[in-house]
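Written below as structure tokens is the structure these notes are about.
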Ligand SMILES: Cc1ncc(COP(=O)(O)O)c(C=O)c1O
């Protein structure tokens with residue numbers, strides 16, 4: 001037996017030196033553990049990156065690509081340098097973007113997948129990873145509140161997820177569009193502040209950006225449900241056919257939620273595909289105290305849910321979810337895919353007919369590992385804590401003279417400003433990062449400039465925010 005195995009060509013030549021793997025992995029995990037520990041303890045500051053050309057030089061990237069070599073001895077100092085120039089997501093003062101604060105189990109899932117490489121669109125190419133995706137998607141549709149017959153797929157990010165949903169909606173409104181293209185009458189109703197991937201998807205679907213009809217919004221950029229009838233009348237008067245209506249839970253800029261129940265009811269009454277972009281907010285379904293924010297999501301025909309925002313997975317792991325999964329299968333109508341995979345579907349199930357990607361990372365494992373170790377109650381607690389803290393931070397900010405918040409937050413995203421000068425907000429943001437070690441983002445809401453924070457690190461506390469407000473006052477006074 002052993003003899004015959006050894007006679008397989010190539011069996012004797014090992015592609016891995018496993019002792020090298022163990023050594024490098026040991027160095028890497030020790031360095032990363034130090035990095036996270038320093039970050040969550042705020043032992044090192046959050047800093048602004050150097051100019052790009054300087055960083056390329058510091059990390060010797062060009063030299064290393066072109067002949068210089070790393071080895072076990074040089075790897076450690078080089079990795080330290082890489083970490084020094086990486087964003088410290090676990091740091092209390094890292095409060096800028098909607099990037100998840102990855103948890104240990106999902107990080108380990110990536111460590112494992114990095115070595116065993118299971119692109120799992122087809123079952124036989126990654127059986128365990130494929131099974132994990134199927135189960136995670138099934139669980140997500142249950143959390144949304146849909147009955148049997150719902151389903152979906154995981155994809156590389158919320159933008160691709162929105163594109164996939166709109167493609168499925170187009171297949172319902174114009175079943176021949178895959179072959180014949182679109183005729184110029186289809187449109188998508190969305191608030192002007194919807195994530196840019198909505199407009200981009202519509203343009204990529206060949207409908208032209210002008211096919212996005214702006215819905216009326218209130219001062220917080222939330223859809224006004226009472227004005228939906230007028231929007232529909234205008235579409236009809238112009239000979240346009242709404243293919244879908246998109247609402248946000250929550251909106252990227254403000255972190256506020258559209259009234260999903262009212263909008264969903266309107267869409268049901270008028271037979272319009274209701275898409276809930278819950279890329280950021282869907283994880284609040286796991287928090288008993290906050291899931292009311294998503295009330296009405298179950299009326300949706302589709303939703304998207306980014307685990308790489310609030311479910312603490314590394315980028316990326318986004319879900320495309322449909323109340324009727326057959327509509328997802330109708331989205332991609334390429335005969336070749338069916339010819340190739342139809343026969344083998346029973347033995348080797350495939351996701352190729354539901355997704356843009358051919359090769360796909362083991363996205364489900366990232367989500368599965370966090371769920372298996374932390375439970376949905378553990379993840380729900382994390383979301384609840386970040387949302388509750390952000391409400392407290394609102395009160396701290398609103399109590400300080402000279403500061404103003406856009407609104408009470410409904411999530412872990414909060415917009416505020418010091419004074420009203422738009423340029424001052426931009427200057428403050430830059431100086432806070434460069435001189436004071438606080439990383440915020442900034443956004444425009446209804447044409448006005450705001451500072452914006454997204455609270456994802458458990459380490460961010462009232463003291464962090466008090467310190468940031470003191471720093472803003474000092475910078476403004478100077
Ligand atoms: C509401 C919403 N939808 C979609 C996206 C796009 O997600 P991704 O960055 O994963 O492509 C975002 C990202 O910020 C978002 O906030």
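Segment residue 399..residue 216, full-extension length gain: 62.7 nm, with 0.36 nm per residue of separation and the alpha-carbon distance subtracted.
Classify the range 37-82 from the C-alpha gyration tensor, please: rounded if a/c falls under 1.5, else prolate or oblate depending on whether a/b exceeds b/c. It comes out oblate by the Cα gyration axes.
Multiplying the residue separation of residue 17 and residue 315 by 0.36 nm and subtracting their alpha-carbon distance yields 104.4 nm.
Comparing the range 1-143 with the 2.2 N^0.38 Å rule of thumb, its C-alpha radius of gyration ratio is 1.39 (two decimals).
Checking the a/c ratio against 1.5 first, then a/b against b/c, what shape does the Cα gyration tensor give for the chain? Judged from the Cα gyration tensor, the chain comes out oblate (a/c at least 1.5, b/c at or above a/b).
Taking every DSSP bridge with both residues inside the chain, close to 60 percent are antiparallel.
For residue 407 and residue 292, a Förster radius of 25 Å and the Cβ-Cβ distance give a FRET efficiency of 0.90, rounded to the nearest 0.05. Counting every alpha-carbon pair across the range 343-466, the share separated by more than 25 Å comes to 45%. Shape class of the range 282-425 from the Cα gyration tensor (axes a ≥ b ≥ c, square roots of the eigenvalues): prolate, since a/c reaches 1.5 or more and a/b is larger than b/c. Would you mind getting me the FRET efficiency between residue 241 and residue 326? Use the beta-carbon distance for r and R0 = 22 Å, nearest 0.05. E between residue 241 and residue 326, to the nearest 0.05, is 0.55.
Taken together, the values in this text are just the output of simple stated rules run on the coordinates, not laboratory data. As the structure is a computational prediction, the values presented were derived from the model and not from experiment. All Cβ positions, even for glycine, are placed from backbone atoms using ideal geometry, and neighbour counts span all protein chains on display.
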